[in-house]
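Let me begin by presenting the structure, written as structure tokens, before commenting on it.
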Amino acid sequence: MTRPTRATALTAGLITFALLTRLLQYRHNRSLWLDEAALALNIRARDAAGLLQPLAYDQGAPVPFLLLTKALVHLAGESEYVLRLLPLIGGLLSVLLLWRLCLRLHPPAAIAALAFFATSSVFIYYAAEFKQYSTDVAIALALLLLLAHLLEHVTPRRLLLAGIAGAVAVWCSHPALFVLAGSGLVLLWHVWRARPALRAPVLVMVAAWAASFALAYLLLYRPLAASTVLVTYWQGAFFRLDAPGIVKAVLEVFLYLSGYQNPGLLLLALAAFVSGGRRLPLRVTLLLTLPALPALVASALRLYPFEERHILFLIPGFLLVMAAGLEALWQALWRANRPAAAVALALLAVALLTRADYVQDKTEVRDVLAQSRQRDPAADIVAGGSAGLIATWYRVPYVPIGALRRVTAPVWVIADRADFAADFARLEAEARLTDTLRLTGATAYRYVPGAAAGTP
């Protein structure tokens, strides 16, 4: 039996660490927040046929994601663990798929890529969020791995497999189309130059992808793209082809790569990405990064927001290019000055380990609801905005905040102060908020009707 090398042991350790961070966040079992509760209410209220229709509460998700979640809820109940099981599976698979993609395209980059991926708060969080963004990442990585395999050696059998996989993927993930369009252009370019005999099969494969997406769009997703509410909400997230718009788009990607707290890591990520782009073969760099181009085009057309969680699927491709450059920079430093390289590596390890929030909360309305009822079981709940929707999911009866003036007994008020600023200002001026119960992202205020000014 051969002993594992240090690189193999370190890779195994990073994979294990990444998997554990996702499981730890899942085990934390935080409260559902607004978007999760809104999507979960659609799962509760609709049967399978109903999930094929436009969703309530301005929500959107791939139909297979919805149907599989519905089946899980039917089998195992409505707990947060059940709702978040598919995102968890997506998060765990993403770790393994990133590792496999590194091994196929540039094995020396695996350690750096896994180190950044394992300690990314964003990827940890979305592995336990009841939305489709974690599965989007897993599907994007699976497509990149499949297309990288195809790019190595194009055969009719591999083209058939890629055609089927791509045609299915566009039903399972909204941004899968961008991966196929961007990386598919690289494949088409390669075949056109190097394998003229396979031009027709490649065009047939691309046509199958396009036809499958067109059918999915017409049958399922056109109302989502046409939603005026969502277009208005995301109007600041659409790409603009000017200097500020380009800078914003670049920062969106690289802040996800580096984390939001450390400017040094951001500069390192930018420098390493440039180095990686020069080190890797051009077709590999384009395979990993060109999906950003159709995403930007769709964003410029106000069809897709290029911001936050919606571009999470792009990050692993950019991460692999950055990791290749980081490995090259460190190797150059190691050859020039080994003590300095060791210190730099130690500082980077500390920066990565300390940048992540390994257990994250968002809006703990569930626990605020429970604790307020424990403190005074006789008091009604008055809720508004997102708190009302979340209370509906947890089956907690509540009075809408608009009825607050008609309340005659003490109640707990749970609502976002920013959404109801005028109401809260009036209540505080009348000294009717006499107590608070505060948790992460959620607060219950004790409202006593008729309390005189100055009452404690």
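The values are calculated or read from the model by the stated rules, or taken from the named source; none is laboratory data. This one's a predicted model, so the numbers in the text were calculated from it and none came from an experiment. Cβ: placed from backbone, ideal geometry, glycine included. Neighbour counts: every protein chain shown.
Given the criterion assigned to a helix (DSSP H, G or I), touching a residue at least 60 places away in the same chain (Cβ under 8 Å), crowded, with 20+ Cβ neighbours inside 10 Å and not charged (D, E, K, R), identify the matching residue among Ala181, Ala162, Ala169.
Values: Ala162 fails: touching a residue at least 60 places away in the same chain (Cβ under 8 Å); Ala169 fails: touching a residue at least 60 places away in the same chain (Cβ under 8 Å).
One residue alone meets the criteria, Ala181.
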task = Take Thr11 and decide whether it is buried (at least 20 other Cβ atoms within 10 Å of the Cβ), within 17 Å of Phe116 (Cβ to Cβ), among the polar types (S, T, N, Q) and out of contact with any Asp or Glu (no Cβ under 8 Å at 6 or more places or on another chain).
result = yes
key: For Asp58: the one exception among (1) farther than 16 Å from Ala176 by Cβ; (2) in contact (Cβ under 8 Å) with a residue 24 or more places away in the chain; (3) in the same structural domain as Val229 (by TED's automatic domain parsing); (4) not small (Gly, Ala, Ser)   = (3)
request  = Kindly indicate whether Val186 is closer than 22 Å to Ala295 by Cβ, assigned by TED's automatic domain parsing to the domain that holds Leu219 and surrounded by fewer than 22 Cβ atoms within 10 Å (Cβ to Cβ).
outcome  = no
ask   = What do you reckon, is Leu144 out of contact with any Lys or Arg (no Cβ under 8 Å at 6 or more places or on another chain), surrounded by 23 or more Cβ atoms within 10 Å (Cβ to Cβ), at pLDDT 95 or above and over 23 Å from Asp361 (Cα atoms)?
value = yes
Scope the range 200-233; condition at pLDDT 90 or above and surrounded by fewer than 16 Cβ atoms within 10 Å (Cβ to Cβ); matching residues = Ala200, Leu203, Val204, Ala207, Ala211, Ala214, Leu215, Tyr217, Leu218, Leu219
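Going by what's in this entry, would Leu268 be described as surrounded by fewer than 15 Cβ atoms within 10 Å (Cβ to Cβ) and modelled with pLDDT of 90 or more?
No, not satisfied.
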task = Identify all residues within the range 88-116 that are over 22 Å from the mean Cα position of the chain (by Cα) and within 17 Å of Ala148 (Cα to Cα); write none if there are none.
result = Leu103, Arg104, Leu105, His106, Pro107, Pro108, Ala109
key: Boolean, Phe117 is of a type in the set (Phe, Trp, Tyr), in contact with a helix residue (DSSP H, G or I) (Cβ under 8 Å, 6 or more places away or on another chain) and within 20 Å of Phe273 (Cα to Cα)   = yes
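State yes or no: is Leu270 more than 24 Å from Ala226 (Cβ to Cβ), in the same structural domain as Val229 (by TED's automatic domain parsing) and not small (Gly, Ala, Ser)? If you could, list the steps in order and put the result at the bottom.
Working: more than 24 Å from Ala226 (Cβ to Cβ): yes; in the same structural domain as Val229 (by TED's automatic domain parsing): yes; not small (Gly, Ala, Ser): yes.
Criteria met by Leu270.
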ask   = If you scan the range 336-366, which residues turn out to be surrounded by fewer than 17 Cβ atoms within 10 Å (Cβ to Cβ), in contact (Cβ under 8 Å) with a residue 60 or more places away in the chain and in a helix (DSSP H, G or I)?
value = Ala349, Leu353
